[in-house]
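Each reported figure results from applying straightforward, stated rules to the coordinates on display, with no laboratory input. Quick caveat: nothing in here was measured; it's all calculated off a predicted structure. Glycine gets a Cβ as well: all are built from the backbone with ideal geometry, and neighbour counts include every protein chain shown.
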Amino acid sequence: MAELTLKEQLSSAVKDAMRNKDKVRLVTLRMAQAAVKQIEIDERRDLTDEDVLKVLDKMLKQRRDAASQYDDAGRQELGDKERAEMVIIEEFMPAALTEDDLDGLIRAAISSTGAQGMQDMGNVMNELRPQVLGRVDMGHLSKKVRTALAG
């Protein structure tokens, strides 16, 4: 049997959540499905797995930011809700990169782009983005690339 696309995996997980009456999971997965569908409608095309990963990555970033803001505001229960949604979304993301793997990818990107300094950061990030999508926080990646380019 062929490997399921991310959209098919989401759809299957929604059905499982309905069967199991797992409300939090169901709501979170339906939100993800709706975000994917919205882009498909807006752009009049089917999304690839890479496109779906971008959507899920954006949802994770939004939840990470919201959880941090709720924590800062002393609203622990709302922060916990955001983190619970993050755990569900992360199930559909590829395995995270280790720091060593990330360092290796950064070194390879710097050498393949011929980057000399900070002025080349955009080229290095563009080289890395497709390789790390959904596997690392882009803010963290940006800091590591900046450090590597600074020497």
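Values computed for the structure shown
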item: Debye, to nearest 20: dipole size of the chain, +1 on Lys, Arg Cβ, -1 on Asp, Glu Cβ; result: 400 debye
item: Tail weight of P(r) past 22 Å, computed on alpha-carbon pairs of the chain, percent; result: 52 percent
item: Of 41, 110, 89, the one that fluctuates the most in a GNM where the chain has Cα springs shorter than 10 Å; result: 41
item: Nonlocal amide H pairs with residue 96, under 5 Å, H built at 1.01 Å; result: none
item: Dipole moment magnitude, nearest 20 debye, region 6-90 about Cα centre, only Lys, Arg, Asp, Glu C-beta charged; result: 360 debye
item: Potential lengthening between residue 8 and residue 107 on full extension [0.36 nm per residue; Cα-Cα distance subtracted]; result: 32.1 nm
item: Net length gained if the chain between residue 95 and residue 37 were fully extended (0.36 nm per residue, minus Cα distance); result: 18.4 nm
item: Long-range lysine pairs (8 or more apart or interchain), region 6-90, Cα under 20 Å; result: 15
item: Cα pair distances of region 99-150 binned at 5 Å [whole percent]; result: 4, 24, 40, 23, 8, 1
item: Cα-based Rg of region 64-151 normalised by 2.2 N^0.38 Å, two decimals; result: 1.33
item: Paramagnetic label zone (point 7 Å from Cα along Cα-to-C-beta, residue 68; backbone N under 16 Å) in region 18-52; result: none
item: Distant alpha-carbon pairs in region 6-90 (separation over 15 angstrom), percent; result: 59 percent
